[in-house]
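The values are calculated or read from the model by the stated rules, or taken from the named source; none is laboratory data. Here the structure is a predicted model, which is why all the values come from computation and not from measurement. Cβ: placed from backbone, ideal geometry, glycine included. Neighbour counts: every protein chain shown. When the accessible area is computed, the model is the full protein with side chains, heavy atoms only, and any ligands, DNA or RNA have been set aside. Shrake-Rupley method; radii C 1.70, N 1.55, O 1.52, S 1.80 Å.
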Amino acid sequence: MKRISRSTLIPILIWSTVMSLLLFIGDWLFETVFIFGSVLQIFWFVMGVGVLAVSVIQSGWRGGLAALVAGALVVAASPFISTAGSWSWAWASLQSHKAVYDQVVAQAAALPDQGQIDGRQYRIERGPPVRIAFPQPVGVADNWGAVIHDPSDAVATARGWTGKPPKHTVRSDLQELWGGDLLSCRRITGHYYRCWFT
């Protein structure tokens with residue numbers, strides 16, 4: 001009976017680690033290389049089939065089982081890994097631009113409804129309350145994302161669609177902020193949220 005060799009375990013460990021990392025940085029990949037980030041994740045996931053085949057060849061059913069368990073653990077943990085990575089990227093991105101965002105928030109009453117300050121675009125909804133969107137470099141066609149400053153925190157209720165037929169989870173008066181359908185929002189910190197529109 002074949003034992004699991006080190007030459008079997010190392011590729012399994014490498015594949016699992018890299019796949020977990022790609023899931024963690026998924027939002028960053030999407031915002032920096034757009035759809036190619038998702039292609040990279042899919043490519044590496046498919047590479048897992050190759051790792052499984054090599055594991056079986058090198059260590060028999062024990063190697064195959066080890067590869068399957070590692071893959072199952074990554075898949076089971078993927079929602080948590082992706083969510084943690086998404087929040088981490090949103091927080092890091094917010095911190096790198098927060099001085100500009102805070103400046104726009106402080107000066108909103110005197111600013112035009114949309115514009116750009118220090119390279120960061122903004123769009124203001126006068127409300128009340130005054131809400132400000134800072135569009136992010138993501139989106140296809142009419143789908144887009146933004147960091148939102150909402151002093152009322154009302155956008156926190158946006159959790160996508162629910163029920164049959166699908167209905168918005170956000171209040172009707174918030175559904176069409178900035179001319180798009182507000183789908184979902186997740187708090188980053190304070191009154192800042194990461195939101196998606198269609």
Long-range amide H partners of I188 with built H, under 5 Å: Y193, R194
Mean Cβ count within 10 Å, highest first, over the residues of peptides 31-39, 188-196: 188-196, 31-39
Let me see the P(r) profile for the range 1-113: every Cα-Cα distance counted, bins of 10 Å, each bin given as a percent of all pairs. 14, 32, 23, 16, 8, 5, 3, 0
Which distance in nm do the two modelled labels at S88 and T189 give, with both placed 7 Å along the Cα-to-Cβ direction? 1.6 nm
Solvent-accessible heavy-atom area per residue, rounded to whole Å², over the chain at 1.4 Å: 56 Å²
Mean Cβ neighbour count within 10 Å, used as a protection proxy, ranking 41-50, 61-70 highest first: 61-70, 41-50
Please compute one quarter of the surface area of the Cα convex hull for the range 116-198 and express it in square nanometres. 5.7 nm²
The range 9-14 - phi-based ³J(HN,Hα) in whole Hz, Karplus 6.51/-1.76/1.60, Gly and Pro as x: 5, 4, x, 5, 5, 4
Label Q116 and V39 with points 7 Å out from Cα along Cα→Cβ: what is the distance between them in nm? 2.7 nm
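When the helices in the chain are scored as -39500 (n - 2.57) per DSSP H run of 4 or longer and the sum is shared across all residues, what 222 nm value do you end up with, to the nearest 500 deg cm²/dmol?
-18500 deg cm²/dmol
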To check my understanding: the extent here is largest minus smallest coordinate of the Cα atoms along each principal axis. What are those three numbers for the range 1-41, in Å, largest first? 47, 15, 11
Fraction of alpha-carbon pairs over 20 Å apart in the range 62-142 - percent: 55 percent
Taking only the alpha carbons of the chain, what extent do you get along each of the three principal axes, in Å, biggest first? 75, 42, 29
Amide H within-cut-off set for A158, under 5 Å, with H built and near neighbours excluded: C185
Any idea what the dipole of the chain comes to, in debye rounded to 20, about its Cα centre with Lys/Arg Cβ at +1 and Asp/Glu Cβ at -1? 940 debye
